[in-house]
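K.L.:
For reference, the structure I am asking about is given below.
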Amino acid sequence: MMNRRYRHFVAAAFSVAAVGALAPAAARADGQVTFVSQGGAYQEAQTKAILDPVAKQLGITVNQDSAPNAWPMIKSQGETGQAIWDVVDTPTSNCIRGGKQGLIAELDFSKLPNAAKLPKGYATAWSVPYEFYSSVLAFNRKTLGDKVPHSWADFWDVKKFPGRRALRNHPLATLEAALLADGVPRDKLYPLDVDRAFKKLEEIKPYITVWWTSGGQSAQLLHDGEVDMEMAWNGRVSALIKDGAPVGFTFNDGILQNTQLCILKHAPNMATAVRFVNAAIGPEVQAHLPLYIDYGPGNPAAFDTGIISPERAAQLPSAPDNAARQALMSYAWWQSPEGEAAEKRWLEFIQK
């Protein structure tokens with residue numbers, strides 16, 4: 001995922017831009033929104049589960065565009081004031097930095113009743129959660145047998161759990177995993193003790209055979225038996241399990257992450273965009289997403305609708321029982337000066 005989110009596929013990211021440039025924003029018809037997501041199987045799933053039902057519910061037209069990396073277009077549309085997009089499904093960090101830079105609209109939550117009961121930390125001033133995924137501890141059952149790791153402390157214990165290991169070549173979730181391995185409680189992670197995290201990472205670094213850079217690579221490492229345990233996105237591991245690969249994972253000590261919906265500050269269809277966002281995070285609409293793809297609903301009230309079976313809920317990262325076993329990532333911290341410094345420090349760490 002997030003960079004399951006930045007999937008490598010050919011997307012017509014500028015198709016709507018080309019059309020929109022031909023007409024002033026003021027001339028755009030009412031009763032429509034342009035919605036932007038990340039393409040591929042993910043966007044196909046949300047079209048069936050969310051976009052088409054919301055269009056019907058509100059009596060609007062939902063135009064779609066795809067951009068694996070939406071930030072450059074968010075930035076250019078915001079800076080010029082000539083927005084052609086309305087609502088964007090994008091990593092939460094983009095919503096926060098876009099809001100701070102005046103590119104993303106601040107939300108009026110009085111107009112978003114479906115966001116009223118979201119758990120603390122799920123929404124930001126500029127965005128609401130749309131879907132959840134997790135960075136989890138995955139393992140190869142064929143090589144490890146019954147002796148599999150169940151926590152990041154186990155992953156760091158190279159004597160009790162010998163084997164080839166892989167971690168993501170990125171500080172997000174990796175620093176959190178290091179601190180969990182070092183005994184920091186899940187609800188006490190933030191602000192991250194960066195020095196402590198890197199010290200812990202230095203311990204495991206000699207035993208990491210691969211620092212992966214994409215979700216596809218992490219899945220291939222497991223599939224081919226090149227590693228015995230690794231950090232991976234739950235959806236990638238679930239896909240391998242469905243294909244019959246002898247792999248598994250645990251939500252215990254997972255890092256719960258999400259993408260969010262935000263509205264461009266100069267959105268040409270602002271009023272409709274707000275109505276769309278509220279409807280898109282409605283419990284019953286959200287409950288249909290896991291019927292098509294292995295991501296959890298952004299609104300936990302979806303689990304109370306009866307649409308998601310208990311068996312299916314057990315497989316989803318944002319199900320209450322699974323969420324309780326994980327740490328919720330603080331994107332606000334990662335967008336702070338301290339978080340930005342930690343990202344720069346990561347480059348030094350990985351190049352040593």
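The values are calculated or read from the model by the stated rules, or taken from the named source; none is laboratory data. Bear in mind that the values here come from a model prediction, so they are computed numbers and not experimental data. Using ideal geometry, Cβ is built from the backbone for each residue, glycine included, and neighbour counts are taken over all protein chains shown. Note: accessible area is taken over every heavy atom of the protein model, side chains too, but ligands, DNA and RNA are not part of it. Shrake-Rupley method; radii C 1.70, N 1.55, O 1.52, S 1.80 Å.
K.L.:
Taking into account only those residues within the range 179-198 that are without any contact (Cβ under 8 Å) to a residue 12 or more places away in the chain and charged (D, E, K, R), which is most open to solvent (accessible area, probe 1.4 Å)?
P.N.:
LYS188
K.L.:
Looking at PHE139, PHE132 in this structure, which one is of a type in the set (Phe, Trp, Tyr) and more than 29 Å from THR47 (Cα to Cα)?
P.N.:
PHE139
K.L.:
Still on this structure, please answer the following. Exactly one condition in (1) at negative phi; (2) more than 22 Å from the chain's Cα centre (by Cα); (3) modelled with pLDDT of 95 or more; (4) not hydroxyl-bearing (Ser, Thr, Tyr) is false for ASP146; which is it?
P.N.:
If we test ASP146 against (1) at negative phi; (2) more than 22 Å from the chain's Cα centre (by Cα); (3) modelled with pLDDT of 95 or more; (4) not hydroxyl-bearing (Ser, Thr, Tyr), just (3) comes out false.
K.L.:
From the residues in the range 95-122 that are small (Gly, Ala, Ser) and more than 20 Å from the chain's Cα centre (by Cα), which one is surrounded by the most Cβ atoms within 10 Å (Cβ to Cβ)?
P.N.:
ALA105
K.L.:
So TRP334 ticks every box in (1) out of contact with any Pro (no Cβ under 8 Å at 6 or more places or on another chain); (2) among the aromatic types (Phe, Trp, Tyr); (3) open to solvent by 10 Å² or more (accessible area, probe 1.4 Å) but one. Which box is left unticked?
P.N.:
The failed condition is (3).
K.L.:
Right, next: Looking at the range 149-178 only, could you name the residues that are among the β-branched types (Val, Ile, Thr) and open to solvent by 10 Å² or more (accessible area, probe 1.4 Å)?
P.N.:
Across the range 149-178, the qualifying residue is only VAL158.
K.L.:
Any idea which residue in the range 289-316 is least open to solvent (accessible area, probe 1.4 Å), counting only those that are closer than 17 Å to ILE255 by Cα and among the hydrophobic types (A, V, I, L, M, F, W, C)?
P.N.:
LEU316
K.L.:
For residues that are among the β-branched types (Val, Ile, Thr) and open to solvent by 10 Å² or more (accessible area, probe 1.4 Å), tally how many sit in the range 71-94.
P.N.:
Within the range 71-94, residues that are among the β-branched types (Val, Ile, Thr) and open to solvent by 10 Å² or more (accessible area, probe 1.4 Å) number 2.
K.L.:
When the residues of the range 337-352 are narrowed to those that are over 26 Å from ASP187 (Cβ atoms) and either touching a Cys at 6+ places or on another chain (Cβ under 6 Å) or aliphatic (A, V, I, L, M) (or both), which ends up most open to solvent (accessible area, probe 1.4 Å)?
P.N.:
LEU347
K.L.:
Right, another one. Quick check on the range 275-288: of everything there that is surrounded by fewer than 22 Cβ atoms within 10 Å (Cβ to Cβ) and touching a residue at least 24 places away in the same chain (Cβ under 8 Å), which residue is farthest from ILE50 (Cα to Cα)?
P.N.:
Ranking the candidates gives ARG275 first.
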